[in-house]
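Participant: Could you have a look at this structure, given as structure tokens, before my questions?
The values are calculated or read from the model by the stated rules, or taken from the named source; none is laboratory data. Nothing here was measured: the structure is a model prediction, and the numbers come from that model. Glycine gets a Cβ as well: all are built from the backbone with ideal geometry, and neighbour counts include every protein chain shown.
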Amino acid sequence: MTDIAASPDSRMDQFLAGARACVPVAISVAAYGLVWGVLARGAGLSLFEVIMMSALVFAGSAQFVALDLWTTAPAALPIGALVLAALIVNLRYLLLTATLRPLYPAKGLLGGAFSMYLVTDENWAMTVAAMARGQGSVAFLMGGGALAWMAWMCTNLVGYGLGSAIDDPARWGLDFAFTATFLALLLGMWKGRGDLVPWLVAALAAIVTSWLVEGSWHILVGGVVGSLVGAFLETRKNAHKS
Amino acid sequence: MLTSPEAVAAILGMALVTMAIKASGFLLADRLPRDGFAAAWLRHIPGAVLAALVAPAVVTGGVAEAIAAAATAAVFIVSKNLFAAMATGVATVYVVRLLVAG
């Protein structure tokens, strides 16, 4: 890891580079942000609640699930179910943020832990891809996170203001922007044949899980199973060598 | 109405658990050994998570998604350009869906 903490200029460069790297996925975030804003209005959230949820929770899939559970009568609001749903939908972040630890210095973990707030699928993916090339930094991660946060918040508000005038993003193929970007990032991380089996196992486990259970479980299951297989194969190979 | 105490409690609760999970992964990684199986496991997580994100969307999608995924991969392998690959994927899925639907 290059030492980018050395000068503030290079830190700013890294921040902007991170934001630039996330532009392709920010387009997709924006499309879904509009839809969420529209649906939030339909679900009866006030403008204040929309701002508060998007600013503090800042997790797309958890926020979509929350709209399903939301009620306009405060007394009927299923607080426990809303919190539990957010917990379950976001469990995959355990895996994502664990892989970001090498970016941070050995000391000062508390600040690092708080900065995980700005981690999303999108800037995480861009940052681990940069890390695989021997680049990437905390500022790069934060730049992408700041762009994603602004894209999400702004489009939520626009969607809320416009009401139902928004199309389904799938109509314009924008739902595929996530998949296409993540696929290209995955190909860019290819380091050799040792990756083939773990990736296939992860893909298969995710496909089977997505058939069996709704939600984002496939990411967690595929990620855990595939990475364990990869670690197992790698340590076994090393044991044979020595 | 601006909001209700119940809504504030729900949103704060959602925000707290989300933040707690994100921070936990980061802090747990610090407790893992720096070599051996645990280190190898952490190294393999990014590829496995990306594969798990992409595979269901491609496989359970349909003809349009499968063709678009192939086009995305081809453009990325040739050009190494992420934006070109993304734009190709979106354009392909849009066109093929139009053709299939029409």
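Participant: Being outside any helix (DSSP H, G or I) and among the β-branched types (Val, Ile, Thr) is the filter; apply it to segment A:54-80 and report the residue that is farthest from the chain's Cα centre (by Cα).
Facilitator: If we take residues in segment A:54-80 being outside any helix (DSSP H, G or I) and among the β-branched types (Val, Ile, Thr), then A:72 is farthest from the chain's Cα centre (by Cα).
Participant: I would also like to ask the following. Kindly list the number of the only condition in (1) within 21 Å of the chain's Cα centre (by Cα); (2) farther than 18 Å from residue B:16 by Cβ; (3) surrounded by fewer than 20 Cβ atoms within 10 Å (Cβ to Cβ) that fails for residue A:51.
Facilitator: Of the numbered conditions (1) within 21 Å of the chain's Cα centre (by Cα); (2) farther than 18 Å from residue B:16 by Cβ; (3) surrounded by fewer than 20 Cβ atoms within 10 Å (Cβ to Cβ), the odd one out for residue A:51 is (2).
Participant: Against the condition touching a residue at least 24 places away in the same chain (Cβ under 8 Å) and either under 24 Å from residue A:124 (Cβ atoms) or more than 7 Å from every other protein chain (Cβ to nearest Cβ) (or both), how does residue B:68 come out, does it pass?
Facilitator: Answer is yes for this residue.
Participant: Which count do you get for residues in segment A:82-113 that are more than 7 Å from every other protein chain (Cβ to nearest Cβ) and either closer than 30 Å to residue A:71 by Cα or charged (D, E, K, R) (or both)?
Facilitator: 6
Participant: Among the residues of segment B:49-69, count how many are on the phi > 0 side of the Ramachandran plot and surrounded by 24 or more Cβ atoms within 10 Å (Cβ to Cβ). Break it down stepwise before answering.
Facilitator: Pass one, segment B:49-69, residues on the phi > 0 side of the Ramachandran plot: B:62.
Going one step further and asking which of them are surrounded by 24 or more Cβ atoms within 10 Å (Cβ to Cβ), we end up with none.
Residues flagged as on the phi > 0 side of the Ramachandran plot and surrounded by 24 or more Cβ atoms within 10 Å (Cβ to Cβ) within segment B:49-69 amount to 0.
Participant: Where residues in segment A:189-242 are in contact (Cβ under 8 Å) with a residue 40 or more places away in the chain, touching a Leu at 6+ places or on another chain (Cβ under 9 Å) and within 7 Å of another protein chain (Cβ to nearest Cβ), which of them is farthest from residue A:131 (Cα to Cα)?
Facilitator: Across segment A:189-242, the extreme among qualifying residues is A:219.
Participant: Follow-up. Can you name the residue in segment A:170-188 that is surrounded by fewer than 19 Cβ atoms within 10 Å (Cβ to Cβ) and within 21 Å of residue B:97 (Cα to Cα) and, of all such residues, is nearest to the chain's Cα centre (by Cα)?
Facilitator: A:170
Participant: Another question about this same structure. Looking only at segment A:154-169, which residues are out of contact with any Phe, Trp or Tyr (no Cβ under 7 Å at 6 or more places or on another chain) and crowded, with 21+ Cβ neighbours inside 10 Å?
Facilitator: Within segment A:154-169, A:155, A:160 qualify.
Participant: Only one of A:66, A:43, A:17, A:81 is exposed (fewer than 15 other Cβ atoms within 10 Å of the Cβ) and either assigned by TED's automatic domain parsing to the domain that holds residue A:132 or on the phi > 0 side of the Ramachandran plot (or both); which?
Facilitator: Numbers: A:66 fails: exposed (fewer than 15 other Cβ atoms within 10 Å of the Cβ); A:43 fails: exposed (fewer than 15 other Cβ atoms within 10 Å of the Cβ); A:17 fails: exposed (fewer than 15 other Cβ atoms within 10 Å of the Cβ).
The unique qualifying residue is A:81.
Participant: Also, I was wondering about something else. Which pairs have Cβ atoms under 6 Å, sit 6 or more apart or on different chains, and link a residue in segment A:41-53 that is more than 10 Å from every other protein chain (Cβ to nearest Cβ) to one that is surrounded by 18 or more Cβ atoms within 10 Å (Cβ to Cβ) and outside any helix (DSSP H, G or I)?
Facilitator: Pairs found: A:43/A:70.
Participant: Of the residues in segment B:15-38, how many are crowded, with 17+ Cβ neighbours inside 10 Å and more than 7 Å from chain A (Cβ to nearest Cβ)?
Facilitator: So the count comes out to 0.
Participant: Write out, first by first residue and then by second, each pair whose Cβ atoms fall under 6 Å of each other, whose residues are 6+ apart or on separate chains, and whose first residue, in segment A:120-139, is more than 9 Å from chain B (Cβ to nearest Cβ) while the second is surrounded by fewer than 24 Cβ atoms within 10 Å (Cβ to Cβ) and in a loop (DSSP other than H, G, I, E, B).
Facilitator: These pairs meet every condition: A:137/A:4.
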